[in-house]
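Trainee: For reference, the structure I am asking about is given below.
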Amino acid sequence: MSAIPSSEPDLRLPLLSSLEEPARKPEKGPDVQKLTIDDMLQKHCGEFGTWQLRHFVLTCLAWALEAFHTMVMIFADREPEFRCLGSGCDEMAKSVCGFEPGSWDWVGGAGSSTVAQWGLVCGEKDKVGLVQAVFFGGCMIGAGTFGHLSDSTLGRKGSLTVVCLLNAVFGCLTALAPDYWTYLLLRLLTGFSTGGVGLCAFVLATEPVGSSKRGAAGMSTFYFFSTGIAMLSGIAYIFPSWRELYIASSIPSILFLVIVLPFISESPRWYLVRGRINEAMALMRTIAKSNGKHLPDGVVLALDEDVNESSVNDQSDKQGFATKEAITGSVVDVIRSPITRIRLFLAVAINFMCSVVYYGLSLNVVNLDTNLHLNVVLNAVAEMPAFTITALLLDKLGRKPLTIGTLWFSGFFCFAGCLMGGVGIWKVVRMICGILGIFGMAGTYNLLFIYTAELFPTVVRNVALGCATQSAQMGAILAPFIVVMGGALPFAVFASCGFVGGLLAFYLPETLNRPLYDTITGMKEGEGGLSGV
């Protein structure tokens, strides 16, 4: 074989050199950093900036709608004043029972309330209480139904859209009710949709908020409910007819659907647990941009159970984050897990007792010596200081100590109320005890929404909150029956509920500055696998 001329290039050299030199490593793609939503909000997007403030206010307007549909019965089902038309009527009497037919008439006419419309007085008076019980029964069913739907197929925003639409339809149809039983059915249906309004609005408003700001934000949601009650009083003053009132109180739901809802976003946490990472990331970029922040490339959302995995370097793996199998949960999953099962039992029991006291004291408190509309306004405004004080102490004392403290505060004054007589100065002291009791329980009622939401992971958060809301509605149904007992017994029952509720709260874990977990597995890992908290 002849030698290769030196003037020609050695074609074997590239091949030989490639064999002799070690193989070069492929160039790495950019590292992908996995972050939970809480970490991403804290590091890159802002925990409560311009975007969260606007979204929070718009979403919480739904609380005012819930107040309209819940408290409208105060005015629509009231017993109006009467006037005498002739003999057989006593103007000094407190009731028209026993009056001769035609000797009296309702002030404002038969259309002033449902009581005047269908004669729900004397032997028929219990039908008014039945309407209230049926409404809260509907709320109980609706809370469970939409709690599940908002965690699964509909999402938070989708569920809020449905309940507001149903509220508008059922509210307007109620104004056309031809008889009592149709009215009762429509109030049941309105309760069914109303039961999901506050539930969906609360979770949707607070989930995009960072952990350090979430407590104060959650406590502020109830200002919208109290404001809605005060606004309803003004609406009822302008529209004294019960049929007109139902239409006037339902129109805001239509306006909310058309004007407000298009500017509300779905929860990024729901997107995440449903495996829709692209939508979640797009929303987080929007939040960061609106807050004057920057979300860097190479950062991706992940469930808390996935965050501890090794970083992904391959670009194709990065693209794999765009879609992931949806994770769903139900009340069965909550019960199966020891850590969430115990929390659910405690949350349900405490919410039930709190509701019995809150609604019971609202019905049992001595009325102010003013007209009905002013009474409602003052009662609504009186709750606001409790919300403020609780919000200020929430991040200082923590959820658990504050829950125990407010429950025992209310229980103490209810116990003092049952020891007071019903005459003279003791009657005034009992009234003050009742006011202080509802003051403490209003703070607890507010706090329990936040506490319950933080006790459960995203995948079952609304399901668990729905169960707690259902138990609260059951307490609301039973409260009027306790009040009927009269005397000191209602105060004794309310005191027992406050004390026992505080004892049960001892077994709940503290959630202050703890992350909102995404899955039950992530919660087990984050809580160290403890089953008793």
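Trainee: Does at least one position in region 475-482 carry a residue that is assigned to a helix (DSSP H, G or I), open to solvent by less than 10 Å² (accessible area, probe 1.4 Å), in contact (Cβ under 8 Å) with a residue 60 or more places away in the chain and within 29 Å of R336 (Cα to Cα)?
Mentor: Of all residues in region 475-482, those assigned to a helix (DSSP H, G or I) come to 475-482.
If we keep only those that are open to solvent by less than 10 Å² (accessible area, probe 1.4 Å) too, we end up with 475-476, 479.
Now restrict to residues that are in contact (Cβ under 8 Å) with a residue 60 or more places away in the chain: 475-476, 479.
Remaining after also requiring within 29 Å of R336 (Cα to Cα): 475-476.
Among the residues of region 475-482, at least one is assigned to a helix (DSSP H, G or I), open to solvent by less than 10 Å² (accessible area, probe 1.4 Å), in contact (Cβ under 8 Å) with a residue 60 or more places away in the chain and within 29 Å of R336 (Cα to Cα), which makes the answer yes.
Trainee: Can I ask one more? For region 293-303, check the following and say yes or no: at least one residue is open to solvent by 60 Å² or more (accessible area, probe 1.4 Å), modelled with pLDDT of 80 or more and touching a helix residue (DSSP H, G or I) at 6+ places or on another chain (Cβ under 9 Å).
Mentor: Applying the first criterion (open to solvent by 60 Å² or more (accessible area, probe 1.4 Å)) to region 293-303 yields 293-294, 297.
Next, only the ones that are modelled with pLDDT of 80 or more stay: 293-294, 297.
Imposing the further condition that a residue be touching a helix residue (DSSP H, G or I) at 6+ places or on another chain (Cβ under 9 Å) reduces the set to 293-294.
Yes; the residues of region 293-303 include at least one that is open to solvent by 60 Å² or more (accessible area, probe 1.4 Å), modelled with pLDDT of 80 or more and touching a helix residue (DSSP H, G or I) at 6+ places or on another chain (Cβ under 9 Å).
Trainee: Let me ask something else about it. Considering only region 170-221, state which residues are under 28 Å from T452 (Cα atoms) and aromatic (F, W, Y).
Mentor: Across region 170-221, the qualifying residues are F192, F202.
Trainee: Report, ordered by the first and then the second residue, all pairs with beta carbons closer than 6 Å, sequence separation of six or more or different chains, a first member in region 424-443 that is over 17 Å from T388 (Cα atoms), and a second member that is aliphatic (A, V, I, L, M) and surrounded by fewer than 24 Cβ atoms within 10 Å (Cβ to Cβ).
Mentor: Once the first residue is over 17 Å from T388 (Cα atoms) and sits in region 424-443, its partners that are aliphatic (A, V, I, L, M) and surrounded by fewer than 24 Cβ atoms within 10 Å (Cβ to Cβ) give W426/M420; V429/M420; R430/M420; M431/V366; C433/A416; G434/V365.
Trainee: What residue, among those in region 225-235 that are buried (at least 22 other Cβ atoms within 10 Å of the Cβ) and at pLDDT 90 or above, is farthest from S112 (Cα to Cα)?
Mentor: Within region 225-235, the match that is farthest from S112 (Cα to Cα) is G228.
Trainee: Working only within region 384-399, note down all residues that are within 21 Å of I350 (Cβ to Cβ) and not small (G, A, S).
Mentor: Of region 384-399, the ones within 21 Å of I350 (Cβ to Cβ) are 386-387, 389-391, 393-395, 397-399.
Answer for region 384-399, where residues must be within 21 Å of I350 (Cβ to Cβ) and not small (G, A, S): F387, I389, T390, L393, L394, D395, L397, R399.
Trainee: Next question, about the same structure. Could you list, ordered by first residue, the pairs with Cβ atoms under 8 Å in which the first is in region 247-268 and modelled with pLDDT of 95 or more and among the aromatic types (F, W, Y) and the second is surrounded by fewer than 20 Cβ atoms within 10 Å (Cβ to Cβ) and assigned to a helix (DSSP H, G or I), at least 6 apart or interchain?
Mentor: none
Trainee: Give the number of residues within region 45-93 that are among the charged types (D, E, K, R), outside any helix (DSSP H, G or I) and either more than 30 Å from Y246 (Cβ to Cβ) or open to solvent by less than 30 Å² (accessible area, probe 1.4 Å) (or both). Break it down into steps so the answer makes sense when it comes.
Mentor: Of all residues in region 45-93, those among the charged types (D, E, K, R) come to 47, 54, 66, 77-79, 81, 83, 90-91.
Then keep just the ones that are outside any helix (DSSP H, G or I); that gives 47, 77-79, 81, 83, 90-91.
Restricting the remaining residues to those that are either more than 30 Å from Y246 (Cβ to Cβ) or open to solvent by less than 30 Å² (accessible area, probe 1.4 Å) (or both) gives 47, 77, 90-91.
Selection size over region 45-93: 4.
Trainee: Considering each residue of region 383-405, count those that are free of Cβ contacts under 8 Å to residues at least 60 places away in the same chain and β-branched (V, I, T), and give that number.
Mentor: Adding up the residues that qualify gives 2.
Trainee: Here's another thing I want to ask about it. Could you count how many residues in region 94-112 are open to solvent by 30 Å² or more (accessible area, probe 1.4 Å) and assigned to a loop (DSSP other than H, G, I, E, B)?
Mentor: 10
Trainee: Where residues in region 351-398 are hydroxyl-bearing (S, T, Y) and within 23 Å of Y237 (Cα to Cα), which of them is modelled with the lowest pLDDT?
Mentor: To start, the set of residues in region 351-398 that are hydroxyl-bearing (S, T, Y) comprises 355, 358-359, 362, 370, 388, 390.
With the extra rule that they be within 23 Å of Y237 (Cα to Cα), the set shrinks to 362, 370.
Numbers: S362: 72, T370: 46.
Here the answer is T370.
Trainee: Now a separate question. Which residues, counting only those in region 259-282, are open to solvent by 10 Å² or more (accessible area, probe 1.4 Å) and basic (K, R)?
Mentor: R274, R276
Trainee: Got a sec? Which of A472, A492, A464 is in contact (Cβ under 8 Å) with a residue 60 or more places away in the chain and surrounded by fewer than 18 Cβ atoms within 10 Å (Cβ to Cβ)? First the steps, then the outcome.
Mentor: Numbers: A472 fails: surrounded by fewer than 18 Cβ atoms within 10 Å (Cβ to Cβ); A464 fails: surrounded by fewer than 18 Cβ atoms within 10 Å (Cβ to Cβ).
Sole residue among the options that is in contact (Cβ under 8 Å) with a residue 60 or more places away in the chain and surrounded by fewer than 18 Cβ atoms within 10 Å (Cβ to Cβ): A492.
Trainee: Then there's this: Please give the number of the condition V163 fails out of (1) open to solvent by 20 Å² or more (accessible area, probe 1.4 Å); (2) at pLDDT 85 or above.
Mentor: Answer for V163: the failing condition is (1).
Trainee: Run F456 past the list (1) in a helix (DSSP H, G or I); (2) open to solvent by less than 10 Å² (accessible area, probe 1.4 Å) and report the number of the one that doesn't hold.
Mentor: Checking F456 against (1) in a helix (DSSP H, G or I); (2) open to solvent by less than 10 Å² (accessible area, probe 1.4 Å), the one that fails is (1).
Residue-by-condition table, conditions (1) open to solvent by 40 Å² or more (accessible area, probe 1.4 Å); (2) under 24 Å from R78 (Cα atoms); (3) assigned to a helix (DSSP H, G or I); (4) touching a residue at least 24 places away in the same chain (Cβ under 8 Å):
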site: K127; (1), (2), (3), (4): yes, yes, yes, yes
site: H148; (1), (2), (3), (4): yes, no, yes, yes
site: N167; (1), (2), (3), (4): no, yes, yes, yes
site: G171; (1), (2), (3), (4): no, yes, yes, yes
site: L185; (1), (2), (3), (4): yes, yes, yes, no
site: L199; (1), (2), (3), (4): no, no, yes, yes
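Trainee: Given the criterion closer than 30 Å to E81 by Cβ, in a loop (DSSP other than H, G, I, E, B) and open to solvent by 10 Å² or more (accessible area, probe 1.4 Å), identify the matching residue among P240, P252.
Mentor: Numbers: P252 fails: in a loop (DSSP other than H, G, I, E, B).
Residue meeting the stated conditions: P240.
A quick yes/no check of all residues on (1) over 29 Å from G196 (Cβ atoms); (2) touching a helix residue (DSSP H, G or I) at 6+ places or on another chain (Cβ under 6 Å); (3) among the small types (G, A, S):
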site: M431; (1), (2), (3): yes, no, no
site: L436; (1), (2), (3): yes, yes, no
site: L455; (1), (2), (3): no, yes, no
site: P480; (1), (2), (3): no, yes, no
site: A488; (1), (2), (3): yes, yes, yes
site: L503; (1), (2), (3): yes, no, no
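Trainee: Taking region 201-232 on its own, how many of its residues are outside any helix (DSSP H, G or I) and among the hydrophobic types (A, V, I, L, M, F, W, C)?
Mentor: Applying the first criterion (outside any helix (DSSP H, G or I)) to region 201-232 yields 207-210.
With among the hydrophobic types (A, V, I, L, M, F, W, C) added as a condition, the list becomes 209.
Total satisfying the criteria: 1.
The values are calculated or read from the model by the stated rules, or taken from the named source; none is laboratory data. All figures in this text were calculated on a predicted structure; none of them were measured in a lab. Positions of Cβ are backbone-derived with ideal geometry, glycine not excepted, and every protein chain shown enters the neighbour counts. For accessibility, only protein heavy atoms count, side chains too; no ligands or nucleic acids. Shrake-Rupley method; radii C 1.70, N 1.55, O 1.52, S 1.80 Å.
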